[in-house]
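Data block below; observations after.
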Amino acid sequence: MKRLSRCRSTASLRPLSTGGESGLKDVTSSEASVEAAKPLPEPAAPDMPLLRIESVAKSFGNFRAVDQLSLDIRAGEFFALLGPSGCGKTTLLRMLAGFETPDEGRILLGGKDIAPVLPHERPVNMMFQNYALFPHLSVRDNIAFGLKRAGMARADIAARVAEMVALVKLEGMEKRKPDQLSGGQRQRVALARSLARRPQVLLLDEPLAALDKKLRESTQGELMELQRRLGTTFIIVTHDQEEAMTMADRIGVMDAGRLAQVATPRNLYEAPASRWIAEFVGDINLFNGQVMSRDHSRLTVSTSEAGSLTVSELWPPVTKDVVCVAIRPEKVKLSRRAPASDEGGSHGINRLEGVVADVNYLGGVTTYKVRLESGAMVRSSMANTARLDVDAYLAGQRVVAWFTADDCMVLEQ
Ligand SMILES: Nc1ncnc2c1ncn2[C@@H]1O[C@H](COP(=O)(O)OP(=O)(O)O)[C@@H](O)[C@H]1O
Ligand SMILES: [Mg+2]
């Protein structure tokens, strides 16, 4: 359950106040201070990664699908490649599996260049987006296919297939053909087939995209459980950021054939490397501005939309004057009156006055849009921690949207 609990901590576990000053005290005393502005730790780089992708490039005609991409992946890691459609995710996986040859660069597995190794001889297997099951073969024969081709003895094949069928919980369905299975069951057959030869690395290309939402969520949990049990390195491709954050130890965000950032889910969300990533992963408020002054790690940024903002700077320091201040909606609290002063401004609380323009009740949270005097909108998302929420805000109500300096990110690009 390590990953599940880690992942939950990236969500807004902090009880958000729905008004008044009491919530302010809780948050500022425990979390907001100048000293807290340290970079979020990333796990140490592995000495010897299982998989090393070195400046790999692949073009189709004049089009560069993968562009000088380098990445290390640890043994036993659950790694997610996240990016918009067409950014080169499948092409990268196909090069790892051996179905495409890189134009440039090298791919090392356990320190050895795998360029000369044929796809079916690599300890790498790929589960395709459309599952690519053989329609005329039974579940059993689909799973056994690669084992037969590898020349495994009959008795060993039978034992391995039984093991795989049990692993993906398809007992009793061994004789069925793919068209006699549900979408979720077909996905399991494809998974069993790709794991049958016990690969060191399993590549999964959008493995859950064909499943409906509920099934996708339960299958995410099962895949994580399976990966933990087997200890196999999983590289999963997805365009769904929640899926990547739920499942992966680390996420590589791809954009136009390049890796824009590689980070833990938490760092990707709380410390995105660019404005593009901040907007791609989750919801965010962005204010363009100019750095006016600097006091230790506190910056004062003048913005036309939200006035002067106090923000904490992470390491490395900002080098440009023109920046973008970014705040996640769940960090923006609303209250009816301005929160009381924060002990000489030591917590760097930013207060923006405005009028509630839009309220969306979503069950677990309510999202608000607050129109500032400049006309700009600030989005706030507050957890509905009480069933009868007498404190909810109404459209047209005057409110103060506030957040601490530590809750702001400063983005240079
Ligand atoms: N065999 C191919 N021939 C020509 N273009 C291709 C081929 N495979 C992929 N592409 C192009 O390369 C780009 C990246 O594709 P792909 O790796 O499938 O992206 P993703 O999986 O991220 O959606 C796309 O623009 C796609 O059209
Ligand atoms: Mg793809």
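A few remarks follow.
- Shown in residue order for segment 152-169 are the 3J(HN,Hα) couplings computed by the Karplus curve 6.51 cos²θ - 1.76 cosθ + 1.60 at θ = phi - 60°: 6, 5, 3, 5, 5, 4, 4, 5, 5, 4, 4, 5, 5, 4, 5, 4, 9, 6 Hz (x for Gly and Pro).
- For the pair Leu230 and Phe60, label points projected 7 Å from Cα toward Cβ lie 2.8 nm apart.
- Derived scalar couplings between HN and Hα for segment 59-67 equal 10, 10, x, 8, 8, 8, 7, 10, 10 Hz in order, rounded to whole Hz, by the Karplus curve 6.51 cos²θ - 1.76 cosθ + 1.60 (θ = phi - 60°), x for Gly and Pro.
- Cβ-defined net charge surrounding Glu171, 14 Å radius [Lys, Arg +1; Asp, Glu -1]: +3
- Positive-pole candidate from Thr246, Leu203, Val161, dipole of the chain, charges at beta carbon: Val161
- Sum of side-chain charges, Ala395 neighbourhood, beta-carbon under 12 Å (Lys, Arg +1; Asp, Glu -1): +2
- Helix-only mean residue ellipticity at 222 nm for the chain, each DSSP H run of n ≥ 4 adding -39500 (n - 2.57), per residue, nearest 500: -7500 deg cm²/dmol
- In this Cβ point-charge picture (+1 for Lys and Arg, -1 for Asp and Glu), the chain has a dipole of about 1500 debye about its Cα centre.
- For the chain, the longest principal axis of the alpha carbon atoms and the long axis of helix 213-230 meet at an angle near 70°.
- Selected from Ala190, Ala162, Ala244 as most flexible by GNM, with the chain as the system and alpha-carbon contacts under 10 Å: Ala162
- Kirkwood estimate for the chain, i.e. one over the average of 1/r between Cα atoms, Å: 23.8
- Segment 162-202 residues near the modelled Phe99 label - backbone nitrogen below 19 Å, point 7 Å along Cα→Cβ: 186-202
- Applying 0.36 nm per residue to the separation of Ala395 and Asn130 and subtracting their alpha-carbon distance, the gain on full extension is 90.8 nm.
- Axis of helix 183-195 versus longest Cα principal axis of the chain: the two differ by about 70°, to the nearest ten degrees.
- Net charge of Cβ neighbours under 12 Å - reference Thr319; Lys, Arg +1; Asp, Glu -1: -1
- Between the helical axis of 139-149 and the longest alpha-carbon principal axis of the chain there is an angle of about 70 degrees.
- Long-range HN-HN contacts of Arg328 with modeled amide H, under 5 Å: Asn285
- Footprinting exposure proxy ranking of Leu81, Leu109, fewest other C-beta atoms within 10 angstrom first, gives Leu109, Leu81.
- Under the criterion of Cα pairs below 8 Å and six or more residues apart, the relative contact order for the chain equals 19 percent.
- ³J(HN,Hα), Karplus 6.51/-1.76/1.60, whole Hz, each residue of segment 399-411, x for Gly, Pro: 9, 10, 9, 9, 7, 8, 4, 5, 7, 8, 10, 10, 10
- Short-range pairs are left out: with C-alpha atoms under 8 Å and at least six residues apart, the relative contact order of segment 253-410 is 24 percent.
All of the numbers you see were taken from the coordinates with simple rules; none came from a lab. Bear in mind the structure is a predicted one, so any value in this text is a computation, not a measurement. We place every Cβ from the backbone using ideal geometry, glycine too, and count neighbours over all the protein chains shown.
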